[in-house]
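To start, the structure itself, in structure tokens.
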Amino acid sequence: MILFDEKNSIFKIDTVNTSYVMGLADEMYLGHVYYGDKLQSTDLTYLLGLEVNPFTPEQKPGEKVSFMDCFPMEYPTKGLGDFRESCLSVKRMNGQEQTELVYKSHVIYKGKQTLEGLPSTWGEDSETLEIMLADEITGIQVTLLYSVFDGIDAVIKSVRVKNTAAEPVFLTKVLSGSLDIRPGSYETLSLHGSWARERHMSRTPIGYGSMGIETCRGISGHQENPFLAVVSEGTTQNTGEVYAMNFVYSSNFMVKVQKNQFDHIRAVMGIHPENFSWKLSAGEVFTAPEVVMVYSGSGLGRMTQTYHDLYRNHLIRSAWKDKMRPVLINNWEATYFNFDTNKLLDIARSAKAHGIEMLVMDDGWFGHRESDNSSLGDWFVNESKIQGGLKYLADEIHNIGLKFGIWFEPEMISPDSELYRLHPEWALRCEGREPGQARNQLVLDLTRPETAEYIYNSIAAILKSAAIEYVKWDMNRPLSDIGSSYLPADQQGEIMHRQMLAVYGMQERLLKDFPELLLENCSGGGARFDPGMLYYSPQFWCSDDTDAVERLIIQEGTQLIYPLSTIGAHVSDCPNHTTGRVTPFSTRGDVALSGTFGYELDITKISQSDRDEIPGQIDKFKKFNPLVLSGDYFRIASYQENHDYDCYQIVSKDKKKSFVTYVQVHAKPNAKKKYLRLQGLVPDGLYQIGEDIYLGDTLMKAGIPVPVIFGDYRSMIIELNLVDSRF
Ligand code: DGJ
């Protein structure tokens, strides 16, 4: 519920368990009052700290700078006395950048608007507050949008900036949100990584000054995910305060966290200002992407469940979002570029015989691509490899009884391609410089409408030319050489954002034109695993590292925020292609169960005993996937923390079914006994595990002992079924 208490000049946004409160100072500045466990009263103006602030401009005219220096501004700007992190910079034609925002009006309404051209949360069971602030001198209007959904402890923020003046202005910084947090001992929690090592959880104590995470690569990136939580020191799964922010955007972002002279913490998040400048002509509006804020007063577990529920119900739109996905086999690790029609059909036949449901043809089917140094942009089938053509292959695969999927990398162009020979100006490049290559490729300038149109039409033509049920949309290099021969000089700063909008636009069209298509996003593994992409696709390839042990850490970090149903996870062959590690086939299967599940191997070449395990793994997937799609996720133990074993549990929403995945990474002789304390069960419920019956309360408080397992990398799945409830 959202309300405005006129007497106290207080805005209060309530979710089931939290309150987000803002208030107006006498001068009509909008201040942040409180974010935390739910409050009953709106008599909260005293929390703005105005009484203790001796510099209030009303009382002491002229002392505005001293006031600004400590006022907890809800949407801070720079240059007039607030020396902390700011959210907005507007450069006028006179070169000056100061903006002073004061409250003008607000509106509260049922529902929530989607953001045009941008991914955003959606749903009718929602409520929105729009607060309009304005600066008289520049004519800039800033509308802060706050939305909440019934039953979900998240506050979604975004910002609209309008130029009401006659002259254009240049927005050089438009962040999506700021949060002031009271003094305390806090740490940041973020998801850090690299290629094949994405989203490792990382904690850093917050000291004085500024710190944060960012990317300027034009993809959210392997290195940092657009997520950061300020957590009280020592926060665990079930204890501690968590202020989390996740950005619904897939390109450059910045999160800055600052501890100031009064030990107050300010965290801001938004589009990275580097390389960003947006020309806003008279009457135009710029919309900044959404930040999803989650507060939990009882540790990380609740934050995780909130994000999972929100994203499953109010972000992902695909027709597939709640459906069990077909068990697929992807030929990348099986063949790399070395395949043809016969090879794919051999794989398909064996896959079908073992219960697999879809074949995905990865990179290498188009142009004259035999390695990664050619043909991106030439989206026509290479008939010397795909003998008989694409339709023939798709038909044969369907005749075998499998669905068919295909790989694209639409945002790229190879210097060795027909397209590049025809249109070198379609690549991003700066005047007078040869653009730099990465993975032997350049980035298309998608700010140029005819380029985006051509690429979209090429993909659509392929999808119409054969029965294709699935697309893997890949993106394998960061953006550099940020120059466009299409945009004028004063709009070159718009390239990075416009490029992202163009990608979103293409994926939006795919959704509309092919509503049944199962779209998987991918970026050199998981470099663009962010809420922005999930708006368009219900799943994301999580990492090029398919090693079961590495995946424990990667998937733990990913599951911290993103629903299990979105996590692309496959069983691959060993020795693992990235780490060289050999793990049991069964462990690889158990680890992939908490994701989309599939295979990434040459089924015609693996050992007979591995092959024989596949039907049983698929049965397990079918049994447990309904819980993965909609259940609550609980982290029981973390291999990243204990360097020994990993354990997580998934419980159906009605608490009747659950399964626990336990992986012993290292075998220890005469090891100390481990007990798994389960979570999320009915305390008075009787649960059957194997032949035995346990009380939920006992399982959660005393736990179950882990049997001694012989050997490294061993896993087990514990299944629980509620058989009776005592009351
Ligand atoms: C990177 C992806 O993550 C891989 O799965 C594969 O599709 C390759 N690109 C193909 O180039």
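The values are calculated or read from the model by the stated rules, or taken from the named source; none is laboratory data. Quick caveat, the model's predicted, so the values are computed rather than measured. FYI the Cβ positions are ideal-geometry reconstructions off the backbone, even for glycines, and counts take in every protein chain you see. Just so you know, the surface numbers come from the protein's heavy atoms only, side chains and all, with ligands and any DNA or RNA stripped out. Shrake-Rupley method; radii C 1.70, N 1.55, O 1.52, S 1.80 Å.
Before moving on, here are some points about what is shown:
- Qualifying residue in the range 626-645 (condition: polar (S, T, N, Q), within 24 Å of GLY568 (Cβ to Cβ) and assigned to a loop (DSSP other than H, G, I, E, B)): yes
- Residue tally, condition within 16 Å of SER586 (Cα to Cα) and either within 16 Å of the ligand (Cβ to nearest atom) or at pLDDT below 95 (or both), over the range 542-553: 4
- Given (1) closer than 15 Å to ILE561 by Cβ; (2) in a strand (DSSP E or B); (3) open to solvent by 30 Å² or more (accessible area, probe 1.4 Å), number of the condition ALA244 does not satisfy: (3)
- Only residues that are open to solvent by 10 Å² or more (accessible area, probe 1.4 Å), in a strand (DSSP E or B) and out of contact with any Leu (no Cβ under 7 Å at 6 or more places or on another chain) were counted in the range 349-388, giving 0.
- Within the range 1-42, considering residues that are among the acidic types (Asp, Glu) and modelled with pLDDT of 95 or more, the one surrounded by the fewest Cβ atoms within 10 Å (Cβ to Cβ): GLU6
- All of (1) surrounded by 21 or more Cβ atoms within 10 Å (Cβ to Cβ); (2) more than 16 Å from the ligand (Cβ to nearest atom); (3) among the polar types (S, T, N, Q) hold for SER523 with one exception: (2).
- Take the conditions (1) open to solvent by 10 Å² or more (accessible area, probe 1.4 Å); (2) within 16 Å of the ligand (Cβ to nearest atom); (3) not hydroxyl-bearing (Ser, Thr, Tyr); LEU344 misses just one of them, which is (1).
- Selection count where residues are within 15 Å of the ligand (Cβ to nearest atom) and buried (at least 17 other Cβ atoms within 10 Å of the Cβ), scope the range 418-442: 1
- Selected residue (criterion: surrounded by the most Cβ atoms within 10 Å (Cβ to Cβ)) from residues of the range 496-520 that are within 16 Å of the ligand (Cβ to nearest atom) and aliphatic (A, V, I, L, M): LEU518
- For GLU719: the one exception among (1) within 22 Å of GLY589 (Cβ to Cβ); (2) open to solvent by 40 Å² or more (accessible area, probe 1.4 Å); (3) outside any strand (DSSP E or B): (3)
- Restricting the range 554-568 to residues that are within 15 Å of the ligand (Cβ to nearest atom) and not in a helix (DSSP H, G or I), the residue that is surrounded by the fewest Cβ atoms within 10 Å (Cβ to Cβ): ILE567
- In the set (1) modelled with pLDDT of 95 or more; (2) open to solvent by 10 Å² or more (accessible area, probe 1.4 Å); (3) part of a loop (DSSP other than H, G, I, E, B), the condition left unmet by VAL107 is number (3).
- The residues of the range 83-97 that are open to solvent by less than 80 Å² (accessible area, probe 1.4 Å), among the polar types (S, T, N, Q) and part of a loop (DSSP other than H, G, I, E, B) amount to a single one, SER86.
- Any hit, the range 406-414, residues being more than 16 Å from the ligand (Cβ to nearest atom) and either within 23 Å of ILE329 (Cα to Cα) or assigned by TED's automatic domain parsing to the domain that holds THR335 (or both): no
- Boolean, SER384 is more than 16 Å from the ligand (Cβ to nearest atom), out of contact with any Ser or Thr (no Cβ under 9 Å at 6 or more places or on another chain), outside the structural domain of SER250 (by TED's automatic domain parsing) and of a type in the set (Gly, Ala, Ser): yes
- Per-region count, the range 584-606, residues within 16 Å of the ligand (Cβ to nearest atom) and open to solvent by 50 Å² or more (accessible area, probe 1.4 Å): 0
- THR128 vs. criteria closer than 30 Å to ALA502 by Cβ and either at pLDDT 95 or above or surrounded by 18 or more Cβ atoms within 10 Å (Cβ to Cβ) (or both): yes
- Restricting attention to the range 387-405 and to residues that are over 27 Å from TYR454 (Cα atoms) and out of contact with any helix residue (DSSP H, G or I) (no Cβ under 9 Å at 6 or more places or on another chain), the residue that is nearest to the ligand (Cβ to nearest atom) turns out to be HIS398.
- Selection of the range 475-504 for residues being in contact with a strand residue (DSSP E or B) (Cβ under 6 Å, 6 or more places away or on another chain) and closer than 14 Å to MET412 by Cβ yields MET475, ARG477, LEU479.
- All strands (runs of 3 or more DSSP E) inside the range 255-336 with 2 or more residues being open to solvent by 40 Å² or more (accessible area, probe 1.4 Å) and over 23 Å from THR596 (Cα atoms): none
- Test: residue in the range 390-410 that is within 28 Å of ILE219 (Cβ to Cβ) and surrounded by fewer than 18 Cβ atoms within 10 Å (Cβ to Cβ): no
- Just one of the listed residues (ILE455, ILE459, ILE482) is within 16 Å of the ligand (Cβ to nearest atom), open to solvent by less than 50 Å² (accessible area, probe 1.4 Å), more than 22 Å from the chain's Cα centre (by Cα) and in contact (Cβ under 8 Å) with a residue 40 or more places away in the chain, namely ILE459.
- One residue from ALA489, ALA466 being more than 15 Å from GLY218 (Cα to Cα), open to solvent by 40 Å² or more (accessible area, probe 1.4 Å) and among the small types (Gly, Ala, Ser): ALA489
- SER609 within 16 Å of the ligand (Cβ to nearest atom) and either at pLDDT 95 or above or under 22 Å from HIS192 (Cα atoms) (or both): no
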